[in-house]
1. Enter the Cα centre distance for the pair segment A:244-263 and segment A:177-234, rounded to the nearest angstrom.
2. As a footprinting exposure proxy, order A:151, A:211, B:246 by other Cβ within 10 Å, with the fewest listed first.
3. Specify whether the C-alpha gyration tensor of the protein assembly as shown places it in the rounded, prolate or oblate class, a ≥ b ≥ c being the square roots of the eigenvalues: rounded for a/c under 1.5, otherwise prolate if a/b is larger than b/c and oblate if not.
4. I'd like the mean, over residues of A:162-168, of how many other protein chain beta carbons sit within 10 Å of each residue's own Cβ.
5. Wrap a convex hull around the Cα atoms of chain B, take a quarter of its surface area, and give that in square nanometres.
6. Pairs of alpha-carbon atoms within less than 8 angstrom and 6+ residues apart define the contacts here; what relative contact order does segment B:130-282 have, in percent?
7. Would you calculate the volume per residue, in Å³, of the smallest convex hull containing every Cα atom of segment B:192-248?
8. Could you tell me the calculated FRET efficiency between residue A:212 and residue B:144, based on Cβ-Cβ distance and R0 = 60 angstrom, to the nearest 0.05?
């Protein structure tokens, strides 16, 4: 019955002081689909990604909700089985390509190690696979790159390596956590195009976390707009841009720079919208607290 | 790029000078019976308090002069280097093994492991180290192994603190999270991902600690709590030199200079090695 690649239902998480960081989040990602998660800093976008991958910080506790990865309920699995499942079926394209590679290990062993030690590939098979992926991310001199330490590569090259590594084991779901934020604008475009291309060719579902609506429009089929840990609007990307329903979504769009009119001043999200959001969040928390005491 | 690297960290000259002195001292220690011009224990009252070779009254064969019992100072320094190096290597290695392991565990696992280990370190460091060493040797009895054990027991905290902090910094890095997502076990990540990144610090500390071990051994010898009084040790020579400072300054000055050069070389050598082998600094 459940064909979703990822299905999150009513996910709530709290900090030790009781504050909710995720407010009954529901979303799904179909196989081969790109779902964008958009929102401002602190909206909980990254938190959702970490929850799916099982690497929430120890202070954040999931108090409610289910996460189904290809129909398997992550909450019901034993920790070890969960790790194995997540390791085999998901991957992360991280935000900061500088710290996401181990600085003291060469790229080659670092990339093949996972295939060989976790997934049981042969050394030769893993090596061939890595080279194939490096070719797909348009790294033309794999021999040199595989021998490099991470600090010997540029930011764009590192991000290519990380994209190749993410796709190498053919995961069903990739969480891309602001993969272009740390890069400069010209490189951002190439990286985005690469992710889109590999996504199409490999048919991988992606949960794409970003604060950039321009990126959302380019890469995703569906969008969830997040504010303060709550999904305030969810729609097909084309429909969202054609007719945003929620005032916050409209305000976000008005706050996005446009290349057609670069000198137009950007509008900050106005107070009426924020007040509306605050009321919405408060109402949701009230409704949530009642059954939960 | 190579030139920039060396001038930026000054690791080239530092590494070679410090390493050169250590190598010289180490070779002298190993081949002491061959290179020492005299028997370090042979007393000869005819030759007491001979000055070093450039002063009037010096005797050939006694390059750095003799002490108040007529024993050759250079030979005693060379044989003293044996004890110094044995203690330096053994004590530093033992302290490193214990301290780094506990530091890695505390820094990587955090939580209760960290709290317990950190509190032990805090309590440990509240003891004044030299008095602690003297107390330990008094309990264990004098002798080479007691000195080594005492130094290791006192100084493992140095490794523990630094490696814990370094490990905590590394454990927060995204590559560790990536390894967890990929499905590596916690201990595997600690040993295979984190440990290689703290090795440069371990090496630098190890070298520094060797220098400290040399000092502590000298202090223990100075207060006559090291090994048996027959074998020459740098601290012992300094203690004897202190008594005849007005008649024979060289008996105090030469072992002091040797000690300082050696300790300085250990710390500089460690820093130089770190600069050279840390792939990020490099």
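Each reported figure results from applying straightforward, stated rules to the coordinates on display, with no laboratory input. Given the structure is predicted, the values throughout are model-derived calculations rather than measurements. Glycine gets a Cβ as well: all are built from the backbone with ideal geometry, and neighbour counts include every protein chain shown.
1. Cα centroid of segment A:244-263 versus Cα centroid of segment A:177-234: 17 Å apart.
2. Final ranking by Cβ density, sparse to dense: B:246, A:151, A:211.
3. Because a/c hits 1.5 or more and a/b exceeds b/c, the protein assembly as shown counts as prolate.
4. 1
5. Across all orientations, chain B yields a mean hull projection of 18.0 nm².
6. 25 percent
7. 100 Å³
8. Calculated value: 0.35.
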